Amino acid sequence: MFVLVEMVDTVRIPPWVFDRRLNDAIAEELNKKLANKVVYNVGLCICLYDITKLEDSYIFPGDGASHTKVHFRFVVFHPSLDEILVGKIKYCSQEGVHVTMGFFDDILIPPESLQQPAKFDEAEQVWVWEYETDEGAHDLYMDQGEEIRFRVADEVFVDTSPTGPAAAKPDAPAQPGQSTAPPAEESGDKKEAPYTLVGTICEPGLGLLSWWNS
């Protein structure tokens, strides 16, 4: 679930912290820059583990700060495929069951990966497993806050780097003082999660949910 990733970065240390130990100042800057951030195709950065190498520091003309190339290792949340994790149901929607692990919320179990047969209760806004027994079918509700065990089936990274401004339409010249940006509903600027896990609910033999036995 957590891995150590070797990274290299150039760290800028402002002059007002020159009185501190270089390693301490660099560690603080790296944590500020990376902790709780998603690095594309790497995972969710948690915290600095150690610094393995410091190269020479330089001060560039017009900038009083020092710039140091640093080799370091960072603790990253990046579970492997087929790894089994435990989380809690954050909420349910037509897209599936949304799961949180406390520090990471972008986990989705799609409808086809739930225990079958399953249905979505529109009134309660929850998914329901129609559990078959000798006495007939029982509806087991996947309520918010319930613990759930799931297997990582896929991961999705989205490059959320800023893009340039949208070009104005040639057949609709902008009037003075009028914005050329498309309206929010037309621009399709729906915010996407930079890193999403797609899970499959575990079979009962791999980990019972609390509500399976209730």
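Ratio of alpha-carbon Rg to the 2.2 N^0.38 Å globular estimate for the stretch 73-122, to two decimals, please.
That works out to 1.34 for the stretch 73-122.
Placing +1 at every Lys and Arg Cβ and -1 at every Asp and Glu Cβ, with all other atoms neutral, what dipole size does the stretch 2-77 have around its Cα centre, in debye to the nearest 20?
Magnitude of the dipole: close to 180 debye.
Quote the Stokes-Einstein diffusion coefficient, in whole µm² s⁻¹, for the stretch 2-77, based on the Kirkwood radius over alpha carbon pairs, a temperature of 10 °C and a viscosity of 1.306 mPa s.
123 µm²/s
Taking the Cβ of Ile51 as the center, what net charge do the other residues with Cβ under 12 Å away carry, scoring Lys and Arg +1 and Asp and Glu -1?
Value of the local net charge: -3.
Picking from Gly87, His71, Thr100, whose Cα lies most toward the positive end of the charge dipole for the stretch 60-112 (charges on Cβ: Lys, Arg +1; Asp, Glu -1)?
It is His71.
Within the set of other residues whose C-beta is less than 13 Å from the C-beta of Ala25, count the net charge using Lys and Arg as +1 and Asp and Glu as -1.
With Lys, Arg at +1 and Asp, Glu at -1, the neighbours total +1.
Give a quick list of chymotrypsin sites (Phe, Trp or Tyr not before Pro) in the stretch 13-60 that DSSP marks as loop, anything other than H, G, I, E or B, with at most 15 other Cβ atoms within 10 Å.
Passing both the DSSP loop test and the Cβ count: Phe18, Tyr40.
Roughly how many Å² is the accessible area per residue of the stretch 2-77, as a whole number, for a 1.4 Å probe?
61 Å²
From the backbone phi of the stretch 95-106, what are the Karplus-calculated ³J(HN,Hα) couplings (6.51 cos²θ - 1.76 cosθ + 1.60, θ = phi - 60°) in whole Hz, Gly and Pro given as x?
So the J values, rounded to whole Hz, are 6, x, 9, 9, 10, 10, 10, x, 9, 9, 10, 8.
Using the beta-carbon distance between Thr100 and Thr10 and R0 = 25 Å, what value does 1/(1 + (r/R0)^6) give for FRET efficiency, to the nearest 0.05?
Efficiency, rounded to the nearest 0.05: 0.10.
To the nearest 20 Debye, how big is the dipole of the stretch 100-142 about its Cα centre, given +1 on the beta carbon of each Lys and Arg and -1 on that of each Asp and Glu?
Dipole magnitude for the stretch 100-142 comes out near 160 debye.
The values are calculated or read from the model by the stated rules, or taken from the named source; none is laboratory data. Not measured: the values here are computed from a predicted model. In this analysis, Cβ positions are derived from the backbone assuming ideal geometry, glycine residues included, and neighbour counts consider all displayed protein chains. For accessibility, only protein heavy atoms count, side chains too; no ligands or nucleic acids. Shrake-Rupley method; radii C 1.70, N 1.55, O 1.52, S 1.80 Å.
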